[in-house]
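Step one of this worksheet: look at the structure below.
The values are calculated or read from the model by the stated rules, or taken from the named source; none is laboratory data. Since the model is a prediction, treat every value here as computed from it, not as a measurement. Methodologically, a virtual Cβ is constructed for each residue, glycine included, from the backbone with ideal geometry; neighbour enumeration extends over all protein chains shown.
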Amino acid sequence: MRSGAFLMTAAALSILAGCASSPSSRFYTLGGEAPSVSTMPASFYIEVPPVDMPQQVAKNQLVVQTSAAQVQVLEEERWASLPADEVRRALSSDLTRQLGAIDVYGTPRPDSVAVYRVKVNVQRFESWPGARAVIDAVWSVRAAGSQTVLTCRTVAQQPVGAGYDALVAGHRKAVDQLAAEISAGVRAVSSVPVAAVSASKTADGAKARPAAVLPCPVGKAAAS
């Protein structure tokens, strides 16, 4: 009896020791600088809906590239929220700060203020530890209530050092680059009068002037 009790106690202690020694998960976020707060009404609004993200990285664990055809899912290295949420929140923070606007997605707003809808489809979200962080996204800016739309692509590639902190910081810089190009796109769309880009028909049935073709912003070259 004593021997059996001793073995059971030893087994329990072994299990507890194993639990205590197992590595704890670390959580990362893309965060975002707090936008400057203004008491003046915004001259226009933006809407940043949920971001589309590739399914292979749509999980809380960090998914890193080990080769062009192989990835590794890291159980102990995790995002604080799903990558799509992290990118959307960081992007919204950047655009709010850069444009002096308010993100009103999902929020009632006055009809008298212009709204620019930003849609982002991330086609690649690659994490290469010790090498680079890559965000390849197709995005569009549309002026609400008009045919004004600009569709572009941004490939943001940032070099990173060793460690997962550096990898996450690289993705944050990639979001910054994406936001800078989208901000330029919003400014381009907002500079064109609605009447000049509407492709709808006029009251007498005549076709209005064709929509203006807006050039995509020229992004900064990726650091080597």
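Annotation note: of Ser112, Ser43, the sole residue that is over 22 Å from Gln158 (Cα atoms), touching a residue at least 12 places away in the same chain (Cβ under 8 Å), among the hydroxyl-bearing types (Ser, Thr, Tyr) and surrounded by fewer than 17 Cβ atoms within 10 Å (Cβ to Cβ) is Ser43.
Can you confirm whether Val73 is surrounded by fewer than 17 Cβ atoms within 10 Å (Cβ to Cβ) and touching a Lys or Arg at 6+ places or on another chain (Cβ under 9 Å)? So Val73 passes the test. Residues that are crowded, with 18+ Cβ neighbours inside 10 Å and either in contact with a Phe, Trp or Tyr (Cβ under 9 Å, 6 or more places away or on another chain) or outside any loop (DSSP other than H, G, I, E, B) (or both) within the range 129-147 comprise Pro129, Arg132, Ala133, Val134, Ile135, Asp136, Ala137, Trp139, Val141, Arg142, Ala143, listed in sequence order.
Within the range 130-145, residues that are over 22 Å from Pro215 (Cβ atoms) sit with their Cβ atoms under 6 Å from residues that are charged (D, E, K, R) and buried (at least 19 other Cβ atoms within 10 Å of the Cβ), at 6+ positions apart or across chains, in these pairs: Val134/Glu126.
For every residue, the table says whether it meets (1) touching a Lys or Arg at 6+ places or on another chain (Cβ under 9 Å); (2) at pLDDT below 85; (3) not hydroxyl-bearing (Ser, Thr, Tyr).
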site	(1), (2), (3)
Gln123	yes, no, yes
Ser127	no, no, no
Ser140	yes, no, no
Gly145	no, yes, yes
Arg153	no, no, yes
Asp176	no, no, yes
Val218	no, yes, yes
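Here is a check on your reading of the model: is Val168 modelled with pLDDT under 80, surrounded by 18 or more Cβ atoms within 10 Å (Cβ to Cβ) and over 18 Å from Thr96 (Cβ atoms)? Answer is no for this residue. When Val168, Val175, Val160 are checked against the criterion of being touching an Asp or Glu at 6+ places or on another chain (Cβ under 8 Å) and closer than 27 Å to Glu77 by Cα, Val175 stands alone in meeting it. The condition of being surrounded by 13 or more Cβ atoms within 10 Å (Cβ to Cβ), under 12 Å from the mean Cα position of the chain (by Cα), within 27 Å of Gln123 (Cβ to Cβ) and modelled with pLDDT of 95 or more holds for only one of Arg89, Arg78, that being Arg89. Taking the condition touching a residue at least 40 places away in the same chain (Cβ under 8 Å), farther than 18 Å from Ile46 by Cβ, outside any helix (DSSP H, G or I) and among the aliphatic types (A, V, I, L, M), does Val155 pass? Considered against the rule, which asks whether it is touching a residue at least 40 places away in the same chain (Cβ under 8 Å), farther than 18 Å from Ile46 by Cβ, outside any helix (DSSP H, G or I) and among the aliphatic types (A, V, I, L, M), Val155 comes out as yes.
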